[in-house]
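Since the structure comes first, as structure tokens, the remarks are kept for the end.
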Amino acid sequence: ETCLDAFENVTGDTGEKMTNLLKTSKEMTANGLVMVGEVTSLVTSLWKALGLPETGRQLRAKELDEEDEEEEPSWVNDRRGLLQATGAKIRANVVVAKDGSGKYKTITQALQDVPRKSNKTFVIYVKEGVYQEQVMVDKTMTWVMMIGDGPTKTKITAGKNFKDGTSTFKTATFAAVGTNFIGKDLWFENSAGPEKHQAVALRVQSDMSIFYNCRMDGYQDTLYTHAHRQFFRDCTITGTIDFIFGNAAVILQNCKIFVRKPMENQKCIVTAQGRLERKEPTGIVLQNCAISSDPGFFPVRHVFKTYLGRPWKQYSRTIIMQCQIDDLIQPEGWLPWEGDFALKTLFYTEFDNRGPGAAKQNRVKWRGIKQITPKHALDFTPGLFIRGNPWIRRTGVPYYSGMATI
């Protein structure tokens, strides 16, 4: 569905053909998900009929931990060591520097050195500086690790936007598509401003991708969590409208989420998740994050209404748990997209949050608003929701596999 969105402004025969092909693919995928769900249900019923013990979340978690004990290939160990290094100690395959002290002056040039379809980590060190370019880590560029000098020092910025005629998908300043991408100590910005509407700073389609200690700045549609499994840790995301959106299976853990001042008569919405089918294993999870106002918005935070999210697609799923929610959030919490669209089919839940904006007594009463148990909440942690233990732990990035200890 998000691929279809990429063709929203494409005209002519090519655009129409691609749209029809993608619709067919979407229908086949939806049918496949239903079939898998039916088979799973059948197997579960048979399992119970035979009197066998039911497999629970604790067993699944144990199996995931056992996966971590398997012998690691040498390149995995190298990856952990590489990620822990900083500055001159980084063992980079290529160095990018605006001042000419590296092999290249632009990130795009450096990406041409990445071996295609490789299973070995390729490290690009981007020194402090402002890099004004649109960057694409394409699907052939696998196992890329990009390390900067810090989320306020290595800045990648561009200003493509919807108002000036670029589709939302193509506005991204930085796009990570190749699998197993890791970004650390980087700053991604779309400089278009609120008057330019949709303007993406970072778009991620990389499966098993990790962003650690990074910053994403924009206004509308800042972070496009487009597809596959993604993990963000200790990152900062700023924006105004739907600024964390998409249809990936994504967890943002220990992140700072700052709402910025919008244009007059606009509302601010943190998330807009795009799950189209009930069986899709996707959703946006905010775990132990802080949702608050940036300095420019703080004095007017009660003038403009701010909401946790709204349903972009029919089965939109968003989980906000163990978060600090400040007083900028409206008491009703969530906002409709249009009319009663998706209000019965969405899955929105808040679990074990804290702060003045976390009170739930005046929240909207839609059928899709769920109250979950601690046991169910475990399903939305990294170890289970994105099957993250095998690919997160081995990088050395700190994380909670289960619930956070607060």
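Residue by residue through region 182-201, note down the ones that are without any contact (Cβ under 8 Å) to a residue 60 or more places away in the chain and either under 16 Å from residue 130 (Cα atoms) or in a loop (DSSP other than H, G, I, E, B) (or both). The answer is 187, 188, 189, 190, 191, 192, 193, 197, 199, 200, 201. For region 119-127, the count of residues that are farther than 16 Å from residue 214 by Cβ, of a type in the set (Lys, Arg) and either touching a His at 6+ places or on another chain (Cβ under 6 Å) or in contact (Cβ under 8 Å) with a residue 40 or more places away in the chain (or both) is at least one.
Conditions (1) buried (at least 21 other Cβ atoms within 10 Å of the Cβ); (2) at pLDDT 95 or above; (3) small (Gly, Ala, Ser), marked per residue:
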{"residue": "123", "(1), (2), (3)": "yes, yes, no"}
{"residue": "128", "(1), (2), (3)": "no, yes, no"}
{"residue": "146", "(1), (2), (3)": "yes, yes, no"}
{"residue": "150", "(1), (2), (3)": "no, yes, yes"}
{"residue": "157", "(1), (2), (3)": "no, yes, no"}
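Under the condition of being out of contact with any Pro (no Cβ under 9 Å at 6 or more places or on another chain) and surrounded by 11 or more Cβ atoms within 10 Å (Cβ to Cβ), the residues counted in region 361-380 number 8. Against the list (1) under 19 Å from residue 129 (Cα atoms); (2) modelled with pLDDT of 95 or more, the condition residue 90 fails is (2). Candidates in region 344-360 are the residues that are in a strand (DSSP E or B) and within 21 Å of the chain's Cα centre (by Cα); of these, the one that is surrounded by the most Cβ atoms within 10 Å (Cβ to Cβ) is 348. Filtered by the rule that a residue be small (Gly, Ala, Ser) and either touching a His at 6+ places or on another chain (Cβ under 7 Å) or surrounded by fewer than 24 Cβ atoms within 10 Å (Cβ to Cβ) (or both), region 180-197 gives 191, 193.
Return the residue satisfying two criteria in turn: it lies in region 236-294 and is more than 16 Å from the chain's Cα centre (by Cα) and without any contact (Cβ under 8 Å) to a residue 24 or more places away in the chain, and of such residues it is surrounded by the most Cβ atoms within 10 Å (Cβ to Cβ). Only one residue tops the list, namely 264. Considering 379, 352, 340, the condition of being in contact (Cβ under 8 Å) with a residue 60 or more places away in the chain and either acidic (Asp, Glu) or outside the structural domain of residue 208 (by the TED database) (or both) is satisfied by 379 alone.
Of the conditions (1) of a type in the set (Val, Ile, Thr); (2) without any contact (Cβ under 8 Å) to a residue 40 or more places away in the chain; (3) closer than 21 Å to residue 227 by Cβ; (4) buried (at least 21 other Cβ atoms within 10 Å of the Cβ), residue 177 fails just one. Which one is it? All conditions pass for residue 177, except number (2).
This table checks each residue for (1) out of contact with any Ser or Thr (no Cβ under 8 Å at 6 or more places or on another chain); (2) over 23 Å from residue 262 (Cα atoms); (3) not basic (Lys, Arg).
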{"position": "158", "(1), (2), (3)": "no, no, yes"}
{"position": "163", "(1), (2), (3)": "yes, no, no"}
{"position": "170", "(1), (2), (3)": "yes, no, no"}
{"position": "175", "(1), (2), (3)": "yes, yes, yes"}
{"position": "180", "(1), (2), (3)": "no, yes, yes"}
{"position": "184", "(1), (2), (3)": "yes, yes, no"}
{"position": "195", "(1), (2), (3)": "yes, no, yes"}
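Scanning region 140-181 for residues that are among the aliphatic types (A, V, I, L, M) and assigned to a loop (DSSP other than H, G, I, E, B) returns 141, 172, 177. Remark: pairs (first residue in region 308-322, assigned by the TED database to the domain that holds residue 249; second residue basic (Lys, Arg); Cβ separation under 6 Å; 6+ apart in sequence or on different chains) = 313/275; 315/275; 315/278; 316/275; 317/275.
For every residue, the table says whether it meets (1) aromatic (Phe, Trp, Tyr); (2) assigned by the TED database to the domain that holds residue 154; (3) in a loop (DSSP other than H, G, I, E, B).
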residue	(1), (2), (3)
211	yes, yes, no
216	no, yes, no
227	no, yes, yes
232	yes, yes, no
238	no, yes, no
250	no, yes, no
262	no, yes, yes
265	no, yes, yes
279	no, yes, yes
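The values are calculated or read from the model by the stated rules, or taken from the named source; none is laboratory data. Quick caveat, the model's predicted, so the values are computed rather than measured. No Cβ is skipped: glycine too gets one built from the backbone with ideal geometry, and neighbour counts run over all protein chains shown.
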